[in-house]
Amino acid sequence: MTDFAWWQRGIIYQIYPRSFNDSNADGIGDLQGIIDRLDYLNDGTPNSLGIDAIWISPFYPSPMADFGYDVANYTDVDKMFGDLATFDRLVQEAHKRNIKLIVDYVPNHSSDEHAWFTESSSSRDNPKADWYIWKDPKPDGSLPNNWGAVFGGPAWTWNEARQQYYFHQFHPKQPDLNWRNPEVREAMHNVLRFWMDRGVDGFRMDVVYMIWKHPDMPDQPPMSRNLALRGDDDIFNTQEQIYSFNYDGIHERMKELRAVLNEQEAVGIGEIWLPLKERMKFYGQDDEFHMPFNFGLFASKDGDFSSDAEWSAERVREVVDEYEQAANPVSGWPNWVLGNHDIPRLASRVGEKHARLAAMLLLSLRGTPTLYMGDEIGMVNGEIAPEQMRDPQGVNLGVEHTRDVCRTPMQWDNSPYAGFSTVETWLPVTSDYPTRNVKAQQADDTSLLSLYRRLIWQRKQSPALSVGSYEPLDSPPGTFVFLRQYEDETKLVALNFSDRPKSFDIDGVGLVVIDTMLNQIGIEHTGTLRIEADAGVIFDLVRE
């Protein structure tokens, strides 16, 4: 497997730092808290989770209007998370354990409290006057155009000092940077260099496909199909985003970013919420991203991304096959995501009985898997009352749209506050923590956490599962069956999404390597394979 890079062989684990582990008893997770839990992630033995890289959501100084995605200083650490010395220790301690470090890079917008915006907003003729997107009102005094913000309402806010509007694709406290200004591009390139010089191994690039807009910013056309609107204020989802997303010239900017990453061989992972055909254009053997995040398993058939996308064997196979066929055989290394900090919890979306099936799917497909913290113990959506909401999307659009449900504190044990903290936490701990926690599942050899550890260990030990080819097989309705092969090793993955047992014939002998309930390992099947309802099995296949 020496021909494959670490990010192709490895498994990424996303940490939302506010909610992972609180080391200083203020109710908020921090960088030292991550250091304290690194052995859980990978201590070099099968007793740990065994991940290869951590992706840490923003920890930069911020007024926290969007909990760190409103960056007030790109080259420092917010004091609630620690400081640069703590970050340097995190890099050192992670690397000691062979854990790579990926940080969030937020290129589309800063905070309105960033020094750049303070200067830019002070007048129309200061040195940074053109570092953000400013427009005069229309002659009748109305907004510059009809664009809506993702978090609701119009995408323009008035500034008294300049007597102009500034553009914000998200929250009014997140003004968009003007990437058409070469000085902005160089400043943001230097941000990458700053963190690479501190030992960072890669970057997850937040909504990076939005950085390049139409220079004249004409009105967006109305949506050609009906979407479920998130309230009367949801202008954004009434419009086709043809001038603000993925606009002509975006790939030149991506090539520039990749050139900076190549200076120190850092990995670039783009957050690209686009249909498959467009997403594939962001791959590059050495000129664009190593991987644009693949959210295909969140997508409906018409290409819209939704947390309630169809979950069935037929739909999952369709998504996987389409991705495999679309990926460039040289540069298009696949990757798969089933959860993150923006969508409801995996176990809540697919159902708790399918959480094990989802684990096996994610960790047996060809390509790099990314796990979201807590999914390995089956954490479900938190219970968030309207008065407890912190997420601006929920505050502006309603409790049913809050992302707080997937950001509740990590459940480490059954002590007060789930072992995450010793004081009241920034979001409420989910009520099932006394029984659903890391400590309890570590002591149970058949728990979901044990399944994740065994799956990861098997993947590491098996070239076929780690980097092998993918070949789908015909199988009974409600099942998804495929081969993973590398040289003379063949693994057969059989996933039963239905509520009835399924059987099918094979050419050879199948020895159970691992099953979702962890109670069939070592059983041999000849000729016919049987998969229990809502279950999955990985076989070591020997052809007769």
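The values are calculated or read from the model by the stated rules, or taken from the named source; none is laboratory data. Not measured: the values here are computed from a predicted model. Backbone-built Cβ (ideal geometry, glycine too); neighbour counts: all protein chains shown. Ligands, DNA and RNA are excluded from the accessible area calculation, which covers all protein heavy atoms including side chains. Shrake-Rupley method; radii C 1.70, N 1.55, O 1.52, S 1.80 Å.
Over the chain, what is the mean sequence separation of C-alpha contacts under 8 Å (at least six apart), divided by residue count, expressed as relative contact order in percent?
Values: 1193 pairs, mean separation 66.8, N = 544.
Relative CO of the chain lands at 12 percent.
The alpha-carbon of LYS138 sits under 24 angstrom from the alpha-carbons of these lysines, leaving out residues fewer than 8 places away in its chain: LYS128, LYS173, LYS213. From its DSSP helices (H runs of at least four residues, each -39,500 (n - 2.57)), the chain gives a residue-normalised ellipticity at 222 nm of -6000 deg cm²/dmol.
With contacts taken as Cα pairs under 8 Å and at least 6 residues apart, the range 115-252 reaches a relative contact order of 23 percent.
Scanning residues 5 or more positions from THR368 or on other chains, those with amide H under 5 Å from its amide H are ASN335, TRP336, with H placed 1.01 Å from N in the peptide plane. Database remark: amide H of GLY153 closer than 5 angstrom to the amide H of ASP234, ILE235, PHE236 (H placed geometrically; neighbours at sequence offset of 5 or more, or on other chains; Pro and chain starts carry no H). The Cα trace of the range 112-205 gives Rg and Dmax of 15.1, 52 Å, the first to one decimal, the second as a whole number. In the chain, a dipole from Cβ-located charges (positive for Lys and Arg, negative for Asp and Glu) runs towards its positive end, and of PRO369, THR526, ASN98 it is THR526 whose Cα lies farthest in that direction.
Most simply put, the chain has about 65% antiparallel DSSP beta bridges, counting only bridges with both residues inside it.
Computed from backbone phi with θ = phi - 60° and the Karplus coefficients 6.51, -1.76 and 1.60, the 3J(HN,Hα) list for the range 241-255 is 8, 7, 9, 10, 10, 6, 6, 3, x, 4, 6, 5, 5, 5, 5 Hz; x is used for glycine and proline. Report, to the nearest whole %, how much of the accessible area of the chain belongs to carbon and sulfur atoms, 1.4 Å probe, protein only. Answer for the chain is 47 percent, counting heavy atoms of protein chains only. Each 5 Å bin, from zero up to the one with the longest distance, holds this percent of the alpha carbon pairs of the range 321-420: 2, 12, 18, 17, 17, 14, 10, 6, 3, 1, 0. From the list (1) 24.5; (2) 26.5; (3) 44.3, can you say which value of mean projected area of the Cα convex hull in nm² was derived from the structure given? Here the calculated entry is (1).
Cross-link partners of LYS439 among aspartates and glutamates, defined as those whose alpha carbon lies under 18 angstrom from its own and excluding same-chain residues fewer than eight positions apart: ASP22, ASP36, ASP39, ASP43, ASP375, GLU376, ASP413.
Axis of helix 313-326 versus longest Cα principal axis of the chain: the two differ by about 70°, to the nearest ten degrees.
Taking all protein chains into account, the per residue accessible area for the chain stands at 38 Å² (1.4 Å probe).
Among LYS353/LYS502; LYS255/LYS281; LYS460/LYS491; LYS100/LYS491; LYS100/LYS255, which pairs are too far apart, with a Cα-Cα distance over 19 Å? Long pairs (Cα-Cα over 19 Å): LYS100/LYS491; LYS100/LYS255. With respect to the chain, whose longest principal axis is taken over its alpha-carbon atoms, helix 448-461 is tilted by about 80°.
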